[in-house]
Amino acid sequence: MEFKLDLFQTDKDLEKENNFEKTCTTTVNKMFPKIRLQIPQEYGGLCDENKNNLTYTPEDMYITAVTGCFFTTFSVVSQNSNLLYKRIKISATGIMDVVNDVKQVTEITQNIILTLTNGTEKNERKAMKVLEIAEKRCPIANSLNTKIKNTYTINFSNS
């Protein structure tokens, strides 16, 4: 399996004299929206008056890759396990640190909330097993040195 993308700068990006203000754009294929990337504001990238980055950073995409991989792996495992669920929500935080004089994302914490339908409480143990299998099988997470910590909450809802 092979994955490809293009990363480029637009003429507007190249007009900027301050390299910290330059962005780049990435695209996977012509049918998907383009994604702009910038330097994190902590390293001199642009931010708004509330100190928020103006667009995605590579660090955002790194965490998104881990979290998205967990979701897609969970989707496959839950389907194969006949586990019906209402919704899954994942909140993730990444920690950047310096290890041996090298900056790296040392840890990603994912808080995963899985909602099942009321009346399916008997599936709680099965749901936890599916979550744990997804954690072990996520190919992106398995490719990283970053420590990934997952916490799971299972809720039940009518709506």
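Computed from the coordinates by the stated procedures, all read-outs in this text should not be read as laboratory data. Note that the structure is predicted; figures quoted are calculated from it, not measured. With ideal geometry, Cβ positions are generated from the backbone for all residues, glycine too; neighbour counts draw on all protein chains shown.
Assorted remarks:
- Estimated 222 nm signal from helices in the chain, with DSSP H stretches of n ≥ 4 weighted -39500 (n - 2.57), rounded to 500: -9000 deg cm²/dmol
- For the chain, the spread of Cα positions along the three principal axes, ordered from largest to smallest, is 61, 40, 36 Å.
- Straight-distance crosslink candidates among lysines, where the alpha carbon sits under 25 Å from Lys149 and sequence neighbours closer than 8 are dropped: Lys86, Lys89, Lys103, Lys126, Lys129, Lys136
- Across region 103-119, the residues whose backbone nitrogen lies under 20 Å from the label position 7 Å along the beta-carbon direction of Thr153 are 108-119.
- Take the chain and mark each of the GluC sites (Glu not before Pro) that is in a DSSP loop with at most 14 other Cβ atoms within 10 Å; the longest unmarked stretch, sites excluded, is 50-159.
- Using θ = phi - 60° in the Karplus curve 6.51 cos²θ - 1.76 cosθ + 1.60, the 3J(HN,Hα) couplings for region 151-156 round to 10, 10, 10, 10, 10, 10 Hz; x is entered for Gly and Pro.
- For region 6-56, the Kirkwood hydrodynamic radius comes to 11.6 Å, computed from all pairs of different C-alpha atoms.
- Within the chain, the longest run free of trypsin sites (Lys or Arg not before Pro) that sit in a DSSP loop with at most 10 other Cβ atoms within 10 Å is 52-159.
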